[in-house]
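Engineer: Handing you a structure now.
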Amino acid sequence: MIDLDRDLAKASALAQAGKTKPALALLERVVAAAPNALAARYALALTLLTSGRYSEALPHLDRILAIEPTNPAALYSKARGLMALDRAEEALPLLRPLAEAGDADSLLAIGNALRSLNRMSAAAEAYRTLIRRAPGHLGGHVNLGLLLVASAPDAAIPALEDSVRRHPGVGELHALLGQALLRQNRFEEATVTLSRALELDPRLLPAKGHLLRACRETADWDREEALFAEIRAGLDRPAPGRLAISTQDALFYPFDGTELRKIAAAEAAFRVPGRPRPVARPRIAANPPPLTVAYLSPDFRDHATMHLAGDLFAHHDRSRVKVIAASVGPDDGSDWRQRVVANSDLFLDFNTLSDRSAAQRLADEGVNILVDMSVYTRHARPGLVALRPAPVQIAWLGLAASSSAPWIDYAIVDPVLVPPAHRNHFSEALISLAHGYQPNLAWEPVRAPPPRSDLGLPEDGVVFCSFNGHRKLDRATFSLWMEILAAVPGSVLWQLAPPPLARTRLEQAASRAGIAPDRLIWAPRLPRPEHLKRLPAADLFLDALVCGAHTTAADSVRMGVPLLTCAGSRLASRVAASLLSAIGLPELIASSPQEMLDLAVGLGLDSPRRTDLRSRLAALLPQAALFDPKRFAADLETAYQQVWARAAAGKPARDIALT
């Protein structure tokens, strides 16, 4: 015999005590005995939702709504279950009447549903409407901030400044404002704001990671190193639902390859919680005439990715592959964008589509192989790739580390980039390309640069340069460079001009090392064509130690400027070594900072040796595989055919080395 009030109270107590299984068993008995007891049925549905058993909860909510079609609790809970099942479009009609009746949480849920559908403008308007109706609703402020920081950081700053004024004691809002300031390169303000966030709530792990970047950008190395030690110590104590540092940001700090894999695994779980239901894929022929390969990227625009891969699609052999370019990023209207559109067999713009809609479109196109060119970088869509739109999924180029994602089968590397000793840094099977993993535009003859005097450089003396972004400039790298300048009289270091505070601190650090600040030559940022024209005015390019040059390394070699690097212990510090091996100058790869110092000083003091080196590089460039996009495309096609043959035969992914 059931006692409804008693049994409901008991079930509630069990659920609150974490005893979900007996609570569900009791509620199921009550519902079986009294099927029209809506309170019991709702309690059962709610407990199922809380347990993550969303599909089982929905029939109970439907039963309630069949009897009480306007029951607000049932409508809201059903919408919640649908959203958890990636069915946000179905949730919206349930939530709208509740929001119109004045329910703030329903309006918040509408914003969240629209955001999950990638309808960012509509989501932002829902959050703004919520804030107008209920100015104190913290969820509206936080979610609007999250959306704008990711999609419109310029608009995020005034919105979050208003939120901080309304909620001055909420650390998360300060953290979001700091992140928006960081995105807009307002590093000093970001430092102050992120510091305040951590004062208010030391548990805000993302704020710690963003503050780490702000310290790097302002050359505050003492504070940076203390924060790095804290974040590193916390890697073995991950906080569910919180990410201390992204994989992309972690590349700039001395995490080892095993730690990077751990960070990437945490990001995979953070970005794609649970196990999303894959999209339906049509049956694909085991031996299609050409393979259908989809390249997915947010960076089909004037971006470093296109400065490398801009010629690739045009050189693919259409008898071997059909090329789909799927964009998930902004359209900047540039020639780079138009090059992708013109040279792909099908161009798809997914920038406003939901992950599921975009993934289903790729699946419907019969894609054999999906190549994710970003993984976790800005505007990346790991949620789309996690829906498995293709039988074979490959990570390449955008992320200089393992994805540690269960939805990625392969990563494209090369033998220098990932030697056997570093194999355990990757969760994926590896495709190792013999001539290097990095694509490049076709080589063109190098023209004479402008006179050094026009560039603010001395006519005499050795010009060392490094055009890496300042995120790559750590204390150890700068100290090494100062040792090189000290040992080569009259030499200068030519770099991109940093923000004012960083410049002051770098010049102070140079002075402490005995180097006059005027030996640091600050170059303005220029459009890529103008930058490439000035590059040959340098004698030698010096690589950074922790996260080395990637696109900038290729630029240096392309323009005939010898590049010195120290091959580190993880992929991000071995890209320049890969390029030098591919071009045929392995003697410019040092195995330690001391060896790099000796190499740089030796070349700096020996003008004939520098001249000979430059002549050798110039002779290698016209025939170099590194700048032969047709050959690179053919290598990729061979790799694609091999991995597809395994997949078509039902075999799991495994390492493949092309010779």
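Engineer: Is it fair to say residue 194 is at pLDDT below 95, crowded, with 21+ Cβ neighbours inside 10 Å and in contact with a helix residue (DSSP H, G or I) (Cβ under 6 Å, 6 or more places away or on another chain)?
Structural biologist: It is false that residue 194 is at pLDDT below 95, crowded, with 21+ Cβ neighbours inside 10 Å and in contact with a helix residue (DSSP H, G or I) (Cβ under 6 Å, 6 or more places away or on another chain).
To keep it simple, each residue is scored yes or no on (1) closer than 21 Å to residue 533 by Cα; (2) among the hydroxyl-bearing types (Ser, Thr, Tyr); (3) without any contact (Cβ under 8 Å) to a residue 24 or more places away in the chain; (4) not assigned by TED's automatic domain parsing to the domain that holds residue 636.
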{"position": "407", "(1), (2), (3), (4)": "no, no, no, no"}
{"position": "410", "(1), (2), (3), (4)": "no, yes, no, no"}
{"position": "414", "(1), (2), (3), (4)": "no, no, no, no"}
{"position": "427", "(1), (2), (3), (4)": "no, yes, no, no"}
{"position": "433", "(1), (2), (3), (4)": "no, no, no, no"}
{"position": "458", "(1), (2), (3), (4)": "yes, no, no, yes"}
{"position": "467", "(1), (2), (3), (4)": "yes, no, no, yes"}
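Engineer: While we're on this one: For the list (1) under 30 Å from residue 636 (Cβ atoms); (2) more than 21 Å from the chain's Cα centre (by Cα); (3) not in a helix (DSSP H, G or I), I need the number of the one condition that residue 277 fails.
Structural biologist: Just one mismatch for residue 277, condition (1).
Engineer: Let me ask something additional. Scan the stretch 600-659 for residues that are among the charged types (D, E, K, R) and more than 30 Å from residue 482 (Cα to Cα) and report the count.
Structural biologist: First, pick out the residues of the stretch 600-659 that are among the charged types (D, E, K, R): 606, 609-610, 612, 614, 616, 628, 630-631, 635, 637, 646, 651, 654-655.
From what is left, the residues that are more than 30 Å from residue 482 (Cα to Cα) are 628, 630-631, 635, 637, 646, 651, 654-655.
So the answer is 9.
Engineer: If I filter the stretch 543-558 for residues that are in contact (Cβ under 8 Å) with a residue 60 or more places away in the chain and more than 32 Å from the chain's Cα centre (by Cα), do I get at least one hit?
Structural biologist: No, that holds for no residue.
Engineer: Against the definition (closer than 27 Å to residue 498 by Cα, in contact (Cβ under 8 Å) with a residue 12 or more places away in the chain and out of contact with any Asp or Glu (no Cβ under 7 Å at 6 or more places or on another chain)), how does residue 197 come out, yes or no?
Structural biologist: yes
Engineer: Follow-up question, since we're still on this one. Mind checking which helices (runs of 4 or more DSSP H) fall wholly inside the stretch 506-608 and carry at least 2 residues that are among the hydroxyl-bearing types (Ser, Thr, Tyr)? Break it down stepwise before answering.
Structural biologist: Numbers: elements: 528-534, 551-558, 575-583, 593-604.
Where helices (runs of 4 or more DSSP H) fall fully within the stretch 506-608 and carry at least 2 residues being among the hydroxyl-bearing types (Ser, Thr, Tyr), they are 551-558, 575-583.
Engineer: Right, here's the next one. Within the set of pairs 6+ apart or on separate chains, which have a first residue in the stretch 1-19 that is on the phi < 0 side of the Ramachandran plot, a second that is in a loop (DSSP other than H, G, I, E, B) and buried (at least 16 other Cβ atoms within 10 Å of the Cβ), and C-beta atoms under 8 Å apart?
Structural biologist: As it stands, the answer is 4/37, since those pairs meet every condition given.
Engineer: What's the total number of residues in the stretch 444-468 that are buried (at least 18 other Cβ atoms within 10 Å of the Cβ) and part of a loop (DSSP other than H, G, I, E, B)?
Structural biologist: Qualifying residue count, the stretch 444-468: 5.
Engineer: Let me ask you something else. Taking the options 283, 203, name whichever one is under 27 Å from residue 178 (Cα atoms), surrounded by fewer than 20 Cβ atoms within 10 Å (Cβ to Cβ), out of contact with any His (no Cβ under 8 Å at 6 or more places or on another chain) and of a type outside the set (A, V, I, L, M, F, W, C).
Structural biologist: Among 283, 203, only 203 is under 27 Å from residue 178 (Cα atoms), surrounded by fewer than 20 Cβ atoms within 10 Å (Cβ to Cβ), out of contact with any His (no Cβ under 8 Å at 6 or more places or on another chain) and of a type outside the set (A, V, I, L, M, F, W, C).
Engineer: Right, something else. From the list 573, 578, 607, which residue is surrounded by fewer than 18 Cβ atoms within 10 Å (Cβ to Cβ), more than 30 Å from residue 287 (Cβ to Cβ) and either free of Cβ contacts under 8 Å to residues at least 40 places away in the same chain or not aromatic (Phe, Trp, Tyr) (or both)?
Structural biologist: Of 573, 578, 607, the one residue that is surrounded by fewer than 18 Cβ atoms within 10 Å (Cβ to Cβ), more than 30 Å from residue 287 (Cβ to Cβ) and either free of Cβ contacts under 8 Å to residues at least 40 places away in the same chain or not aromatic (Phe, Trp, Tyr) (or both) is 607.
Engineer: Scan the stretch 234-260 for residues that are closer than 16 Å to residue 198 by Cβ and out of contact with any Gly (no Cβ under 9 Å at 6 or more places or on another chain) and jot them down.
Structural biologist: Matches in the stretch 234-260: 234, 239, 242.
Engineer: Taking residue 349 as meeting all but one of (1) touching a Ser or Thr at 6+ places or on another chain (Cβ under 8 Å); (2) under 12 Å from residue 295 (Cβ atoms), write down the number of the exception.
Structural biologist: (2)
Engineer: Just checking, does the stretch 122-145 include any residue being crowded, with 20+ Cβ neighbours inside 10 Å, at pLDDT 95 or above and closer than 27 Å to residue 472 by Cα?
Structural biologist: Among the residues of the stretch 122-145, not one is crowded, with 20+ Cβ neighbours inside 10 Å, at pLDDT 95 or above and closer than 27 Å to residue 472 by Cα, which makes the answer no.
Engineer: Further, regarding this structure: Working only within the stretch 135-192, note down all residues that are in contact (Cβ under 8 Å) with a residue 60 or more places away in the chain and either part of a loop (DSSP other than H, G, I, E, B) or more than 27 Å from residue 329 (Cα to Cα) (or both).
Structural biologist: Passing the criteria: 185, 188.
Engineer: Among the helices (runs of 4 or more DSSP H) lying completely within the stretch 322-424, list those that include at least 1 residues that are buried (at least 18 other Cβ atoms within 10 Å of the Cβ) and in contact with a His (Cβ under 8 Å, 6 or more places away or on another chain).
Structural biologist: Where helices (runs of 4 or more DSSP H) fall fully within the stretch 322-424 and carry at least 1 residues being buried (at least 18 other Cβ atoms within 10 Å of the Cβ) and in contact with a His (Cβ under 8 Å, 6 or more places away or on another chain), they are 335-343.
Engineer: Specify which of the listed residues (639, 634, 600, 590) is buried (at least 22 other Cβ atoms within 10 Å of the Cβ) and at pLDDT 95 or above.
Structural biologist: That would be 600, the only listed residue that is buried (at least 22 other Cβ atoms within 10 Å of the Cβ) and at pLDDT 95 or above.
Engineer: Do we have any residue at all in the stretch 27-45 that's of a type in the set (Ser, Thr, Tyr) and within 25 Å of residue 384 (Cα to Cα)?
Structural biologist: no
Engineer: Please determine whether any residue of the stretch 40-53 is touching a residue at least 40 places away in the same chain (Cβ under 8 Å) and either surrounded by 14 or more Cβ atoms within 10 Å (Cβ to Cβ) or in contact with a strand residue (DSSP E or B) (Cβ under 6 Å, 6 or more places away or on another chain) (or both).
Structural biologist: Within the stretch 40-53 (the criterion being touching a residue at least 40 places away in the same chain (Cβ under 8 Å) and either surrounded by 14 or more Cβ atoms within 10 Å (Cβ to Cβ) or in contact with a strand residue (DSSP E or B) (Cβ under 6 Å, 6 or more places away or on another chain) (or both)), the answer is no, since none of the residues qualifies.
Engineer: From the list 645, 619, which one is surrounded by fewer than 18 Cβ atoms within 10 Å (Cβ to Cβ), among the small types (Gly, Ala, Ser), assigned by TED's automatic domain parsing to the domain that holds residue 399 and part of a helix (DSSP H, G or I)?
Structural biologist: Exactly one residue qualifies, and that residue is 645.
Engineer: Further, regarding this structure: Which of the residues belonging to the stretch 451-485 are over 25 Å from residue 568 (Cβ atoms) and of a type in the set (S, T, N, Q)?
Structural biologist: Passing the criteria: only 453.
The values are calculated or read from the model by the stated rules, or taken from the named source; none is laboratory data. Predicted model, so just to flag it, every value in this text is computed and none were measured. Cβ: placed from backbone, ideal geometry, glycine included. Neighbour counts: every protein chain shown.
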